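Step one of this worksheet: look at the structure below.
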Amino acid sequence: MTDLAQWLTDNEDTLIQEAVAELSQNEAQKSQVVATVIEFFDSLKESVKTQNLDPLSSVLEHWISSSSAPMVGELTSLVPVLTRIKQVNSEQIQRLCPPEEAVEFLIALDAIYNPAITYLSRLEVDTLMADMRRELYEAQKQLERLDKSKTDFVAVAAHELRTPITLVEGYTNMLATSVKGVREDPNGRMLLEGIDSGVKRLREIIRDMIDVSLISLDMIQLHLQPTWLHQLLDALENSMRNPLNERQVELLIERSTIPRQPTYGDPERLLDVLQKIVSNAIKYTPDGGKIIIAARELTGFTDVMVIDNGIGISANDLPHIFTMFSSVGDSSLHSSSKTKFRGGGPGLGLFISKGILEAHGGNIWAESPGHDEKLCPGSTFHIMVPMRSAPQDDKIMAVFDRNS
Ligand code: ADP
C-alpha cells in the first residue's frame, strides 16, 4: 500500500499533467484545473498512505461546497469527473508498471477510489435534496405572500367600496324624496329602481368580498340555532322565482326526501350557500333547463343535491372551482348579472360556500360527466350539512379533546 503511495509521489508530475489534459477543454481552463488537481492528488496520496478516506473526503466536500471542482463540458455531476481521474490513473499504472505490480496497485487504487465515488454521489444527492427543499420552501413562501396580498387586496377594496356606495344610496334617497313627483313618474321610477338594483348587487359583491377575507383568515362567525332544511328550501324557492322565470328554468324540489328534523346551523348562511349554488345552476343551464333539489341522509349528514342539466364542468376544472377567483372558461363572457347564461362572475361564490359549510363542520363537492355546451351533461353539487341535535359547544369539545 505504501508502495503505491511512493509510486504516486514519484509519478506525480505525469499524473497531474494527464489528469489536467483530460479534464480541460481548452488552454484557458487548464490553469483553473491545475490547482484543483494538485490538491486532489495530495489528498489521494495521503489517503493511500494512511489507508484512511478522510483526506480525500474533505477535498470532495470542498468540491461540492465551493463549486471548486474541475467541470467537464456540460456535466452537472462531479461523479464522472472523479471517474475520469481514476481512469487516467489506472491507465498510467498499466502503462508504466510491470504487470504484477500494476495489478497490486490497481486493487489498492480501487480500494480508495470506489468508496470515494460512493461518498461523492451521496454528497451530491444530499446537496440536491437540500437545494430542492430550499427552492420548495421559497416557492411556498412566495405563494403564501401572493395569497396574503390577494386577501389583503380584497379586504381593502371591499372597505374602500363601502363609502361611495353609501353616498350613492344617500343621494338616491334624497332624489326620491326631495324631487317632487319623481316616484310617481314612470320614467323616474324606472331610473330609481335601476339605481336601487345596481346598489343592491354592489352590496352583495362587497359582502362576498368581506366573506372571502373572513374565510381566508378563519374568522367567519356563525349564529347557530335550530334550522329546518325544508324551511330554507321554501325561502330559496321564493327568492329564486324571478331569475328562474327570467331564464325559463324549472326548479323542482323533491320535498319527500328533505328531512323534517332540524339541525343546528346558521340559517342565513346556509340559505346563502343554497342561493349561490342554485344561481350558478341557473347561470350554467340553457333556457328551458331543469334544476332538481333532492336530499339523502348519510351518517351524521344530510347531502342536499342540486342537480342541473346545464353545460357541465370538465374534469380539469372540477378540482379548482372551489378556490378563490376560480372562474373558469372565457373571460369575455364575464357578466355582473347573477343569472345570465354562462355569465361568469368574480369566482367567489363556491369559495364562500365551501368556507361556510366547513365552518359548520360540513363540506361541499361537485361531480359532472364533463363540459359540453351542446350535449349539456349537467352537474351535481353535493351540499353536506351536518345534522346536530344540539349546538356544537367548542368548550366542551376542547375538554373531550384534552382527555382523549
Ligand atoms: P362565478 O362567479 O364565476 O360563478 P363561482 O365560484 O360561483 O364563480 O363558480 C366557479 C366556477 O365554477 C364558475 O366560473 C363555473 O365555471 C363553474 N360552475 C359553478 N357552478 C356550475 C354549474 N352548475 N355548472 C357548470 N359550471 C359551474
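The values are calculated or read from the model by the stated rules, or taken from the named source; none is laboratory data. What you are looking at is a predicted structure, and each value in this text was computed from that prediction instead of being measured. Ideal geometry is used to build each Cβ from the backbone, glycine not excepted, and the neighbour counts take in all protein chains shown. The area values use the complete protein model at the heavy-atom level, side chains included, leaving out ligands, DNA and RNA. Shrake-Rupley method; radii C 1.70, N 1.55, O 1.52, S 1.80 Å.
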Worksheet item: Taking the stretch 289-309 as the search range and keeping residues that are away from the ligand (no atom under 16 Å from the Cβ) and outside any strand (DSSP E or B), which one is least open to solvent (accessible area, probe 1.4 Å)?
Response: G300
Item to complete: Looking only at the stretch 241-251, decide whether some residue is out of contact with any Asp or Glu (no Cβ under 6 Å at 6 or more places or on another chain) and over 30 Å from N309 (Cα atoms).
Response: no
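Out of the stretch 194-206, which residues are within 13 Å of P346 (Cα to Cα) and charged (D, E, K, R)? Walk me through it before giving the result.
Of the residues in the stretch 194-206, the ones within 13 Å of P346 (Cα to Cα) are 201-202, 204-206.
Within the stretch 194-206, R201, E204 qualify.
Name the helices (runs of 4 or more DSSP H) wholly inside the stretch 222-284 in which the number of residues that are more than 30 Å from C376 (Cα to Cα) is 1 or more.
On the way: elements: 229-239, 241-246, 267-283.
The helices (runs of 4 or more DSSP H) meeting that bar are 229-239, 267-283.
Checking the condition free of Cβ contacts under 8 Å to residues at least 40 places away in the same chain, closer than 30 Å to S216 by Cβ and not assigned by TED's automatic domain parsing to the domain that holds G349, which residue from E184, E193, E169 passes?
Working: E184 fails: closer than 30 Å to S216 by Cβ; E193 fails: closer than 30 Å to S216 by Cβ.
Answer to the check: E169.
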Discussion item. Return the residues of the stretch 30-48 that are touching a residue at least 24 places away in the same chain (Cβ under 8 Å) and within 48 Å of the chain's Cα centre (by Cα); say none if nothing qualifies.
Written reply: Q32, V33, T36, V37, F40
Worksheet item: Hey, any hits in the stretch 325-333 for a residue that's in contact with a Lys or Arg (Cβ under 9 Å, 6 or more places away or on another chain), more than 9 Å from the ligand (Cβ to nearest atom) and modelled with pLDDT of 95 or more?
Response: no
Worksheet, complete the sentence: The residue that is farthest from the chain's Cα centre (by Cα), considering only those in the stretch 231-273 that are surrounded by fewer than 18 Cβ atoms within 10 Å (Cβ to Cβ) and small (G, A, S), is S256
